[in-house]
Amino acid sequence: MRSIVVGAGAWGLPAAAELAGRGHEVVLLDRYGVGNPLSSSSGPTRLWRLTHPDPLRVRLARRSVDAMERLAARSGREVFLRRGLLWRDDVSLPAVTSALAAEDVPHEVIEPDDVARLFPGLRPDGRPAVWQAEAGPVLAAESLRAQAELFAAAGGELIVGAVVREVTTTSRGVAVACEDGIILEADTVVLAPGPGAGPLLAGLGVDLPLRPRLEQVVHVGDPAHPHAADDLPCLFDGPRAEEPGLYAMPTPGVGYKLGLDRHLRDLLPGDTDRTPDAALVEEVVARVRRDLTALAPQALEAQVCSWTLSPDGRFILDTLPGGVVVACGDSGEGFKFSALMGPMLADLAEGRTPDDDVASFSLARFAAGAEMREHVLGR
């Protein structure tokens with residue numbers, strides 16, 4: 001089978017590597033290349049966790065851990081670490097503990113005044129928390145390098161600089177037209193273009209209100225001691241009053257990474273500005289100074305990255321008639337499932353029937369899902 005994968009990020013690259021490893025002829029297209037600063041998958045770390053407010057994502061996260069372990073074994077690279085996670089949020093805590101219990105995931109409910117036992121220096125604020133040991137940073141850059149090496153070793157072809165204008169289905173399969181006039185044909189195409197998904201799906205008759213956004217993260221710490229926070233756990237500190245939630249994790253050898261759960265701005269076509277917002281940097285440092293006293297309240301670096309919100313905040317994974325696999329709407333948590341996306345998207349490209357958990361991410365869940373699929377079939 002010949003397959004074209006559009007997007008060499010956290011979802012497209014693993015799909016291309018998996019398809020190539022299964023013996024298929026694969027061409028991977030990306031405008032700027034693997035892990036580029038304008039992509040949704042740049043930066044050294046992301047957060048992975050089993051702690052979710054619904055059993056489906058707990059199960060998916062467990063499968064993702066297995067996939068990361070397989071990737072590490074196949075590539076010889078360390079692609080994730082275990083550090084544990086403290087989840088402090090009075091609103092979501094009942095759903096989180098219920099989901100963990102439903103899936104028999106070991107966890108501990110922590111009393112408000114005991115949070116510093118699990119996270120040194122964390123200021124008690126009257127809210128309980130839950131501790132779960134299966135969590136940590138995904139070594140994102142290493143994970144992408146591992147997938148790129150596996151893709152190249154399997155004979156895959158990477159084309160950097162390709163700007164995909166349109167995807168169409170034909171009697172022979174799928175055609176991908178690029179802005180330079182080149183048209184590539186294949187049996188299947190996997191669409192995983194991150195923020196660029198909306199226009200390509202619209203050309204296939206799928207009109208979804210996807211919202212690409214930019215968000216900012218900050219590394220803090222003491223520059224003289226870059227490994228001081230390496231062994232700290234991860235943290236989700238839920239929103240309170242007017243303050244947004246805070247996600248945080250160690251980046252070994254760099255510092256402690258924090259991101260406010262509040263987007264910087266909507267990402268519009270042609271926006272290539274990734275300049276950090278100085279006021280948001282100071283807001284994060286102030287939170288560290290007040291609530292995370294074990295960390296040095298000094299900003300080391302800040303980074304702006306993109307993600308794409310789906311209509312309901314959940315992934316969109318589906319196969320359209322004619323051999324088009326859709327993978328979009330990461331909704332800010334796509335990288336923790338990066339290693340798992342490889343086999344899941346490869347299975348869809350090969351025409352395998354997804355299990356119930358994967359099928360729950362299909363377009364059919366939207367009110368107009370059936371109509372959209374019929375429109376694509378009629379093209």
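Among residues of the stretch 8-33 being open to solvent by less than 10 Å² (accessible area, probe 1.4 Å) and assigned to a loop (DSSP other than H, G, I, E, B), the one that is modelled with the highest pLDDT is ALA8. Annotation: of all residues in the stretch 34-92 being under 24 Å from CYS328 (Cβ atoms) and among the aromatic types (Phe, Trp, Tyr), the one that is least open to solvent (accessible area, probe 1.4 Å) is TRP48. May I ask you to verify whether LEU235 is touching a helix residue (DSSP H, G or I) at 6+ places or on another chain (Cβ under 8 Å) and either open to solvent by less than 70 Å² (accessible area, probe 1.4 Å) or in a loop (DSSP other than H, G, I, E, B) (or both)? Considered against the rule, which asks whether it is touching a helix residue (DSSP H, G or I) at 6+ places or on another chain (Cβ under 8 Å) and either open to solvent by less than 70 Å² (accessible area, probe 1.4 Å) or in a loop (DSSP other than H, G, I, E, B) (or both), LEU235 comes out as no. In the stretch 116-144, the residue that is most open to solvent (accessible area, probe 1.4 Å) out of those that are of a type in the set (Lys, Arg) and touching a helix residue (DSSP H, G or I) at 6+ places or on another chain (Cβ under 8 Å) is ARG123. Please find, among ALA224, ALA229, the residue that is surrounded by fewer than 17 Cβ atoms within 10 Å (Cβ to Cβ), among the hydrophobic types (A, V, I, L, M, F, W, C) and either out of contact with any Ser or Thr (no Cβ under 6 Å at 6 or more places or on another chain) or assigned to a loop (DSSP other than H, G, I, E, B) (or both). Answer to the selection: ALA224. Of the listed requirements (1) aliphatic (A, V, I, L, M); (2) closer than 23 Å to ASP237 by Cα; (3) within 19 Å of the chain's Cα centre (by Cα), ILE316 misses just one: (2). For the stretch 105-119, residues that are in a loop (DSSP other than H, G, I, E, B) and in contact with a Leu (Cβ under 7 Å, 6 or more places away or on another chain) total 3. The residue that is most open to solvent (accessible area, probe 1.4 Å), among those in the stretch 200-221 that are under 25 Å from LEU363 (Cα atoms) and assigned to a loop (DSSP other than H, G, I, E, B), is ASP207. Considering the stretch 238-287, and only residues there that are assigned to a strand (DSSP E or B), open to solvent by 50 Å² or more (accessible area, probe 1.4 Å) and not acidic (Asp, Glu), the residue that is farthest from ASP125 (Cα to Cα) turns out to be ARG265.
Does the stretch 236-249 include one or more residues that are under 18 Å from the mean Cα position of the chain (by Cα), under 30 Å from THR168 (Cβ atoms) and among the aliphatic types (A, V, I, L, M)? No: zero hits.
Is one or more of the residues making up the stretch 152-169 open to solvent by 40 Å² or more (accessible area, probe 1.4 Å), touching a strand residue (DSSP E or B) at 6+ places or on another chain (Cβ under 9 Å), over 19 Å from TRP48 (Cα atoms) and acidic (Asp, Glu)? Yes: the stretch 152-169 contains one or more residues that are open to solvent by 40 Å² or more (accessible area, probe 1.4 Å), touching a strand residue (DSSP E or B) at 6+ places or on another chain (Cβ under 9 Å), over 19 Å from TRP48 (Cα atoms) and acidic (Asp, Glu).
The requirement of being modelled with pLDDT under 95, closer than 26 Å to MET1 by Cβ and not aliphatic (A, V, I, L, M) is fulfilled somewhere in the stretch 356-373, by at least one residue.
The values are calculated or read from the model by the stated rules, or taken from the named source; none is laboratory data. All figures in this text were calculated on a predicted structure; none of them were measured in a lab. Heads up, the Cβs are rebuilt from the backbone with ideal geometry, glycines too, and the neighbour counts pull from every protein chain shown. Note: areas computed on protein heavy atoms with side chains; ligands, DNA, RNA excluded. Shrake-Rupley method; radii C 1.70, N 1.55, O 1.52, S 1.80 Å.
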